[in-house]
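Enquirer: I am attaching a structure below and will ask some questions about it afterwards.
The values are calculated or read from the model by the stated rules, or taken from the named source; none is laboratory data. Because the structure is predicted, anything quoted here is derived from the model rather than measured. Cβ atoms come from the backbone with ideal geometry, glycine included; neighbour counts cover every protein chain shown. Surface areas here come from the heavy atoms of the whole protein model, side chains and all, with no ligands, DNA or RNA. Shrake-Rupley method; radii C 1.70, N 1.55, O 1.52, S 1.80 Å.
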Amino acid sequence: MNVGVAHSEVNPNTRVMNSRGMWLTYALGVGLLHIVLLSIPFFSVPVAWTLTNIIHNLGMYVFLHAVKGTPFETPDQGKARLLTHWEQLDYGVQFTSSRKFFTISPII
C-alpha cells in the first residue's frame with residue numbers, strides 16, 4: 001500500500017524528463033557549471049569548456065547509466081529496481097524527444 005502517493009504514474013521516472021521546463025533547467029544547469037568553471041582564475045576558456053564537458057558526461061553517465069532503480073517507492077512490484085534511468089525513460093520507447101535531447105546535448 002502506498003500511503004501519501006500523489007502521482008498517478010506507475011513509475012514517475014518515465015516522465016520526469018518530459019515535464020514542463022526540465023530541458024530548460026538542464027541547459028541552465030550546464031551553463032551555470034560552465035560559468036562557475038570560468039570564474040576560476042587560472043582556467044582558460046578552452047579548459048573551462050573541456051572541464052564542463054567532462055563533468056557533464058561523467059555526471060550523466062552515473063545518473064543515466066550506472067544507478068539502477070528509482071528514488072521512491074513505486075507500485076510496479078520491483079520491475080524498475082533492475083533498470084537504469086535511461087532504460088526507464090519514456091517507458092523504454094526508443095527515439096523519443098527526450099532520448100534525442102539527451103543524446104544530442106553533449107555533442108552541442
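Enquirer: Place +1 on the Cβ of every Lys and Arg and -1 on the Cβ of every Asp and Glu in the stretch 12-105, take the dipole about the Cα centre, and give the residue among Phe102, His65, Tyr91 whose Cα lies farthest towards its positive end.
Expert: Working it through, the farthest residue towards the positive pole turns out to be Tyr91.
Enquirer: For the stretch 12-105, report the accessible area per residue in Å² (1.4 Å probe, heavy atoms, rounded to an integer). Show your work: numbers first, answer last.
Expert: Values: 6270 Å² over 94 residues.
Each residue of the stretch 12-105 exposes 67 Å² on average to a 1.4 Å probe.
Enquirer: From largest accessible area down, sort Trp49, Trp23, Trp86; use a 1.4 Å probe on the protein chains.
Expert: Trp49, Trp23, Trp86
Enquirer: What do you reckon, how do Arg81, Arg20 stack up by accessible area (1.4 Å probe), largest on top?
Expert: Output order, biggest surface exposure first: Arg20, Arg81.
Enquirer: Okay, moving on. With a Cα-only, solvent-free Debye model of the stretch 12-105, what are the log10 I(q)/I(0) values at q = 0.12, 0.17, 0.23 Å⁻¹?
Expert: Normalising to I(0) and taking log10 leaves -0.47, -0.81, -1.19.
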